[in-house]
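To start, the structure under review is shown below, and the notes come after it.
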Amino acid sequence: MNSFDPLYKVHSAYRLGQLPQKVYDAIVKRFPLVIEGIKRVEEASGLNYPYYYIEPSLVISTSAVELTAVGILFARTIPVVDINKQLHVVVQITAPLIAYGLKGTIHAILAHEFMHYLELINRILKMKVISDEVSGTLFEGTYTDATRLVEERAVFKSDPTLIRHVTNRFPEGFRDLKLEEKAIKTWMNKGLPTSKVSLDANIIKIPIETMACLKVEQHIKDKITEFENIKIKKKKTKYV
């Protein structure tokens, strides 16, 4: 767990006048849903959640190919290198998700990013992440996102409800039209902090020597291996 307040950037944005009182109060009031979700993921997986923080802005993804297409990134799992050249994996959770998201949606996204964390750790340990592929379109981005994760039914097998939250909200990448519409209408269109991320620039470059510096405890490695080795029975399809 974090040793400091994950809301520190939100508090700073409020003090600087970037967030109005009503929005700030909503984020702080609903933040316990995040704490509850983190605890739920940890109990179901048997692992601690990675370092995370709340980003006080709406993160928009754009594509140079689909000029009119815009996607909202409510959370991201990001590899970062500190001043000591140590590699860390960080989960960024956006404030609009907390302010406007339903409890089940928040928990699903937290669980989904946790699977990204496990997948990235696994790929780094196997030296399979030097230059991650770039998706040229938003559709490709969601499709790739949905196809390279570990199986949620293996990771969260003790929490069937959490598994349903993830599978229902991530059929082929996350989509929640009501949440997206509300975020655009009550956040972006109101002039609240918004940042844009180009899908064409969404590439992970991690040098071999940096990957080798990633410190992963043995029990995490063992758990990832356990999740990989769990045999999941495919659901039978009924034909009428």
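The values are calculated or read from the model by the stated rules, or taken from the named source; none is laboratory data. Since the structure is predicted, the reported quantities are computational estimates derived from the model, not experimental observations. Don't worry about glycine lacking a Cβ; one is built from the backbone with ideal geometry, like all the others, and counts go over all protein chains shown. Protein only, heavy atoms only, side chains kept; ligands, DNA and RNA dropped before computing areas. Shrake-Rupley method; radii C 1.70, N 1.55, O 1.52, S 1.80 Å.
Of note, residue 65 does not satisfy the criterion of being modelled with pLDDT under 95 and under 21 Å from the mean Cα position of the chain (by Cα).
Restrict the check to region 175-196 and report whether at least one residue is open to solvent by 20 Å² or more (accessible area, probe 1.4 Å), at pLDDT below 75 and either among the hydrophobic types (A, V, I, L, M, F, W, C) or not in a loop (DSSP other than H, G, I, E, B) (or both). No; the residues of region 175-196 include none that is open to solvent by 20 Å² or more (accessible area, probe 1.4 Å), at pLDDT below 75 and either among the hydrophobic types (A, V, I, L, M, F, W, C) or not in a loop (DSSP other than H, G, I, E, B) (or both). Would you mind stating whether residue 51 is open to solvent by 10 Å² or more (accessible area, probe 1.4 Å), modelled with pLDDT of 90 or more and within 17 Å of residue 9 (Cβ to Cβ)? Answer is yes for this residue. Counting the residues of region 32-48 that are surrounded by fewer than 20 Cβ atoms within 10 Å (Cβ to Cβ) and under 17 Å from residue 97 (Cβ atoms) gives 5.
Yes or no: residue 28 open to solvent by 30 Å² or more (accessible area, probe 1.4 Å), farther than 21 Å from residue 152 by Cβ and assigned to a strand (DSSP E or B)? No: the conditions fail for residue 28.
Only residues that are crowded, with 17+ Cβ neighbours inside 10 Å and assigned to a strand (DSSP E or B) were counted across region 72-83, and they come to 6.
I'm trying to understand the selection: among the residues of region 15-66, which are of a type in the set (Phe, Trp, Tyr) and in contact (Cβ under 8 Å) with a residue 40 or more places away in the chain? Passing the criteria: 31, 49, 51, 52, 53.
So that you can scan it fast, the table gives a plain yes or no per residue for (1) open to solvent by 10 Å² or more (accessible area, probe 1.4 Å); (2) at pLDDT 95 or above; (3) over 22 Å from residue 19 (Cα atoms):
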residue: 59; (1), (2), (3): no, no, no
residue: 85; (1), (2), (3): yes, no, yes
residue: 88; (1), (2), (3): yes, no, yes
residue: 97; (1), (2), (3): no, yes, no
residue: 105; (1), (2), (3): no, no, yes
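Taking the criterion of being assigned to a helix (DSSP H, G or I) and modelled with pLDDT under 80, the residues of region 126-153 that qualify are 138, 139, 140, 141, 142, 143, 144, 145, 146, 147.
Is it fair to say residue 50 is under 30 Å from residue 229 (Cα atoms) and assigned to a loop (DSSP other than H, G, I, E, B)? It is true that residue 50 is under 30 Å from residue 229 (Cα atoms) and assigned to a loop (DSSP other than H, G, I, E, B).
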